[in-house]
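Remarks on the structure that follows.
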Amino acid sequence: MNCCSELFLLEELHGNNVRNGGSATMQANKVMIEDPWLHETALPSCLEGVTREDVEIVLLGTGSSQPSKYRNVSSIFVNLFSKGSILLDCGEGTLGQLKRRFGIEGADEAVKDLRCIWISHIHADHHTGLARILALRRDLLNETPHEPLIVVGPRQLKRFLDAYQKLEDLDMQFLDCRHTTEASLKTFESNEDKDVSESACVPSDQKNGSTLFAKGSRMESYWKRPGSPVDSAAVFPLLKTLKEILRDAGLEALISFPVIHCPQAYGAVLKAADRTNSTGKKIPGWKIVYSGDTRPCPELVEASRGATVLIHEATFEDGMVEEVFIYLSSLALLLI
Ligand SMILES: [Zn+2]
């Protein structure tokens with residue numbers, strides 16, 4: 001995957017251009033001309049009062065599945081500083097990238113402070129660094145009271161983690177992405193005080209996830225029901241726990257939405273909670289949208305409305321049109 005130009009923008013706004021050198025600055029300047037709201041020479045209202053110590057997006061990996069000398073495979077570290085952090089995807093070598101960014105001790109602290117990990121889909125370049133991170137966290141917190149880390153991911157990831165945990169405990173709890181779609185979360189909220197079952201977490205109109213996967217559609221076969229039933233009794237308390245974790249981190253929601261890539265592929269919306277400034281004015285929370293791997297699709301367009309930052313994969317270069325259809329990814333040219 002690759003990042004879109006808005007990311008440079010946030011770094012520039014925070015005075016923390018993590019990419020040293022003129023090219024990044026030129027890129028940021030170019031975006032400042034192109035981006036409509038910057039014509040108003042004002043920050044979006046959601047960034048009022050946001051400082052360098054509030055939020056940082058660290059691109060630990062933006063490469064595709066093929067090894068690359070300069071770009072690791074996918075992982076994005078959303079650093080909320082004193083409020084912890086969240087990993088969006090966790091490809092192989094993510095821990096090494098954390099050490100390069102924060103140093104060895106800093107990486108340990110980053111791993112200890114993780115609030116949750118979200119995985120977009122089952123391709124190896126998005127999750128094979130996960131077990132290493134979870135095992136390190138388990139060891140680092142060995143003598144500290146703590147809860148298992150929530151890992152939100154596609155259902156196939158649970159099978160992988162279940163198999164792995166026959167070798168060693170990873171001190172984690174799994175939550176299926178399909179239980180964190182907007183519709184599922186709304187149903188959860190409306191049933192929060194009631195006796196619940198899995199049906200309370202998956203609304204009837206979302207049983208197959210989305211219209212994207214409706215009966216007869218090209219993507220229908222990409223939304224298969226789990227081979228083994230999800231432990232429905234465990235879903236509701238986990239959603240509750242996740243909600244509390246997010247609230248403590250100053251976040252309103254972590255929402256998954258289906259995208260067009262492989263079976264059970266998702267993008268994510270991470271939304272900060274609204275705040276009030278010193279005059280009592282309500283400040284809306286910022287919104288980070290991450291596409292995961294995907295072809296352009298309406299679900300992503302919808303999720304991206306009002307985004308402060310959109311991080312969109314763009315695996316293939318101009319002229320590689322056939323590849324984007326074969327691998328169900330995006331063309332960089334179309335995103336600029
Ligand atoms: Zn992929």
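The values are calculated or read from the model by the stated rules, or taken from the named source; none is laboratory data. All values reported here derive from a predicted model rather than from experimental measurement. Virtual Cβ from ideal backbone geometry, glycine too; neighbours counted across all protein chains shown.
Values for this structure:
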quantity	calculated
Exclusive hit being modelled with pLDDT under 80 and of a type in the set (S, T, Y), set S329, S278	S329
Test: D231 is in contact with an Asp or Glu (Cβ under 9 Å, 6 or more places away or on another chain), among the charged types (D, E, K, R) and at pLDDT 75 or above	no
Some residue of region 168-179 being crowded, with 22+ Cβ neighbours inside 10 Å, within 16 Å of the ligand (Cβ to nearest atom), among the charged types (D, E, K, R) and under 15 Å from the mean Cα position of the chain (by Cα)	no
Those residues of region 160-173 which are under 28 Å from L300 (Cα atoms) and either polar (S, T, N, Q) or touching a residue at least 40 places away in the same chain (Cβ under 8 Å) (or both), in sequence order	Q173
Selection status of L310, away from the ligand (no atom under 15 Å from the Cβ) and modelled with pLDDT of 95 or more	no
Residue match in region 261-272 (condition: within 21 Å of the chain's Cα centre (by Cα), away from the ligand (no atom under 16 Å from the Cβ) and small (G, A, S))	yes
Residue list for region 147-164, filter: surrounded by 15 or more Cβ atoms within 10 Å (Cβ to Cβ) and not in a helix (DSSP H, G or I)	P148, L149, I150, V151, V152, G153, P154
Options V289, V301; residue that is surrounded by 21 or more Cβ atoms within 10 Å (Cβ to Cβ), more than 13 Å from the ligand (Cβ to nearest atom) and at pLDDT 90 or above	V289
Any pair with Cβ under 7 angstrom, 6 or more apart, that starts in region 291-305 at a residue that is of a type in the set (S, T, N, Q) and ends at one that is away from the ligand (no atom under 15 Å from the Cβ)	S304/V289; S304/L310
Filter result (closer than 28 Å to A124 by Cα and either modelled with pLDDT under 95 or among the aliphatic types (A, V, I, L, M) (or both)) within region 259-275	V259, I260, H261, C262, P263, Q264, A265, A268, V269, L270
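Listed here are the residues, each with its yes/no results for (1) within 20 Å of S184 (Cα to Cα); (2) among the polar types (S, T, N, Q).
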{"residue": "F257", "(1), (2)": "yes, no"}
{"residue": "I260", "(1), (2)": "yes, no"}
{"residue": "K271", "(1), (2)": "yes, no"}
{"residue": "N277", "(1), (2)": "no, yes"}
{"residue": "K282", "(1), (2)": "no, no"}
{"residue": "W286", "(1), (2)": "no, no"}
{"residue": "Y290", "(1), (2)": "yes, no"}
{"residue": "D293", "(1), (2)": "no, no"}
